[in-house]
Amino acid sequence: MVLLHVLFEHAVGYALLALKEVEEISLLQPQVEESVLNLGKFHNIVRLVAFCPFASSQVALENANAVSEGVVHEDLRLLLETHLPSKKKKVLLGVGDPKIGAAIQEELGYNCQTGGVIAEILRGVRLHFHNLVKGLTDLSACKAQLGLGHSYSRAKVKFNVNRVDNMIIQSISLLDQLDKDINTFSMRVREWYGYHFPELVKIINDNATYCRLAQFIGNRRELNEEKLEKLEELTMDGAKAKAILDASRSSMGMDISAIDLINIESFSSRVVSLSEYRQSLHTYLRSKMSQVAPSLSALIGEAVGARLIAHAGSLTNLAKYPASTVQILGAEKALFRALKTRGNTPKYGLIFHSTFIGRAAAKNKGRISRYLANKCSIASRIDCFSEVPTSVFGEKLREQVEERLSFYETGEIPRKNLDVMKEAMVQAEEAAAEITRKLEKQEKKRLKKEKKRLAALALASSENSSSTPEECEETSEKPKKKKKQKPQEVPQENGMEDPSIPFSKPKKKKSFSKEELMSSDLEETPGSTSLPKRKKSSPKEETVNDPEEAGHRSGSKKKRKFSKEEPVSSGPEEAAGKSSSKKKKKFHKASQED
């Protein structure tokens, strides 16, 4: 009996499954389809033999690339050799991809089967995979598939930021729109300012120049000889400037108010700024075309090449088109009308804007357009699929079109295409080598700058880290010094505190009324005149006990009121001394009042 195993490739790893009741399953395909949807029935048919998870996303990408290319990866080889039976003739392995099946059969010697029942079983495994593997949830499996899909797509699609044709499509579309808008606005300025100075329309034909002059002149009555130099600068022609000055003196236009002139000048400045932006956009388009499609732009021009790319949708689509389609690209309406009416089909579309067709004779326009479309198709394919973009092929193809044009006119035989392409190949290799050399130099410079920047950052961070502990030490030393100075400066001869020194933490003490003090003093006096026993006081307390000193200071003590808040002393001994001295002061005060 042949054992049927199924190999399933997932984003989280390889799974090897064994099938029960192989003979019945192979005969009853409709029952297999029904049992696939039911998890309980599917568990009775399929059991998981082994699961080999991928160590990281990079390993998963490597295995996915290997499977897509039909190569047996080391992880897959290890899984099959470990868990499949040693007798290879009795094993039948079901795989989804015929390429990887052929590779396994060739390298490992296992018989592989694809399609039929295997496809149905793999569909069920894909549906219930998170239930077959312990610890795998549906959400984590979906996340792994999404991550691997993104990685696989990025690896397959070689994306170059400098060769994006979307910017060309948007730029040429905006350029065409700007041309229409500038033309409309310029006609509005001509009509508006023509009421005041109608002769200027006949002298100046260029729209942008007319708008600049309308903005500069304003009221024609203020135009004089002093402004002639500026007029020559704007018109780039001394005769036109003199004609404008003469026409302003004898103009038939109506007078205009100041507010109308302000609006005309404002609108003219907007049109001038739009025309300047149009020039900058055209420069940008030329630079992008030289990066993306240098051969096509060298052959047919930047504007026509960009329009071809925009009409095709992308450079890749244009490269896929045959020369006959490129020839009539942009003339689809005329083509279908000709097919409907059975008339003559159009000879050219967008490539009509090229200079070659305009220079050709009327009878040769169809021939040269067909030849030019052929060369455009070749140039677009070279630009799309070449690694290093170069304009050598476009210049050689342009030379061929020039030779063909002269052949139609004079009969001079052009060079063969094979000879021209051989020359182009040699020059293209030299140009590619030069470009790669320049790119390597730029990369080296960039790496040097990056190293310098990182070194500077590391040095700055090391300086900051070394300076911070010193600052911490300084800040920790400062409060210590203050603590040492406080006990020396605060106390005075009589135990009173200096009011000039502030204390941060005031401490509330209980205040006593005069009656309570009197009663406490009377209780103490009959027993003994000596003070009650207290802790040893400092010399400051002894100074307070002196009767003479107490008598001298009694007047000042009467003026002092008992406050609820007293400043906290810096040490415990000083606090004890101050409390004892306070009680003595109160005792002497009470005795004096008696």
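The values are calculated or read from the model by the stated rules, or taken from the named source; none is laboratory data. As the structure is a prediction and not an experimental result, all values here were calculated from the model. Cβ: placed from backbone, ideal geometry, glycine included. Neighbour counts: every protein chain shown. Protein only, heavy atoms only, side chains kept; ligands, DNA and RNA dropped before computing areas. Shrake-Rupley method; radii C 1.70, N 1.55, O 1.52, S 1.80 Å.
What the table shows:
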| item | result |
| --- | --- |
| Solvent-accessible area per residue for the range 166-281 (1.4 angstrom probe, square angstrom) | 57 Å² |
| Whole-Hz couplings from phi, Karplus 6.51/-1.76/1.60, listed for the range 214-220; x for Gly and Pro | 4, 5, 7, 6, x, 7, 5 |
| Length released on extending from A361 to Q442, taking residue separation times 0.36 nm less the Cα-Cα span | 24.3 nm |
| Cα-projected label distance for A102 with S273, points at 7 Å along beta-carbon direction, nm | 6.5 nm |
| Förster-model FRET efficiency, 60 Å R0, Y408 and D138, C-beta, rounded to 0.05 | 0.30 |
| FRET efficiency for L127 and N166, using Cβ-Cβ distance with R0 set to 45 Å, rounded to 0.05 | 0.70 |
| 5 angstrom amide H check on V49, placed H, neighbours 5+ away | L16, L17, A18 |
| Qualifying trypsin sites (Lys or Arg not before Pro) in the range 371-447, DSSP loop, other Cβ atoms within 10 Å at most 14 | R415, K416 |
| For the range 293-435, alpha-carbon Rg over 2.2 N^0.38 Å | 1.08 |
| FRET efficiency, 1/(1 + (r/R0)^6) with R0 30 Å, evaluated for E387 and A323 via beta carbons | 0.80 |
| Sequence-distant residues sharing a close amide H with G301 (under 5 Å, placed H) | none |
| Mean accessible surface per residue for the range 349-460, computed with a 1.4 Å probe while every protein chain stays in place, in Å² | 65 Å² |
| Difference of contour (0.36 nm per residue) and Cα-Cα distance, D237 to E69 | 53.6 nm |
| For the range 3-157, the Rg and Dmax computed from alpha carbons only, in angstrom | 15.3, 45 |
| Percent accessible area from carbon and sulfur atoms, the range 3-157, protein chains only, probe 1.4 Å | 54 percent |
| Fraction of antiparallel bridges per DSSP, the range 3-157 only, in percent to nearest 5 | 65 percent |
| Centroid-to-centroid separation of the range 88-149 and the range 357-402 [C-alpha atoms, Å] | 50 Å |
| Derived scalar couplings ³J(HN,Hα) [the range 132-147; Karplus, 6.51 cos²θ - 1.76 cosθ + 1.60; whole Hz; x for Gly, Pro] | 6, 9, 6, x, 9, 9, 5, 5, 5, 5, 5, 5, 5, 5, 5, x |
| Per-residue SASA entry for V304, accessible area with 1.4 Å probe, Å² rounded to 10 | 10 Å² |
| Rel. contact order, % - alpha carbon contacts under 8 angstrom, at least six apart, the range 342-465 | 19 percent |
| Spherically averaged projected area of the range 89-218 from its Cα convex hull (nm²) | 17.9 nm² |
| Relative contact order (%) - the range 166-281, alpha-carbon pairs under 8 angstrom, separation at least six | 39 percent |
| Percent carbon-and-sulfur accessible area, the range 166-281, ignoring ligands, DNA and RNA, probe 1.4 Å | 52 percent |
| Accessible carbon and sulfur surface of the range 409-460 relative to its total accessible area, %, 1.4 Å | 61 percent |
| Surface per residue (accessible, 1.4 Å probe) for the range 3-157, Å² | 54 Å² |
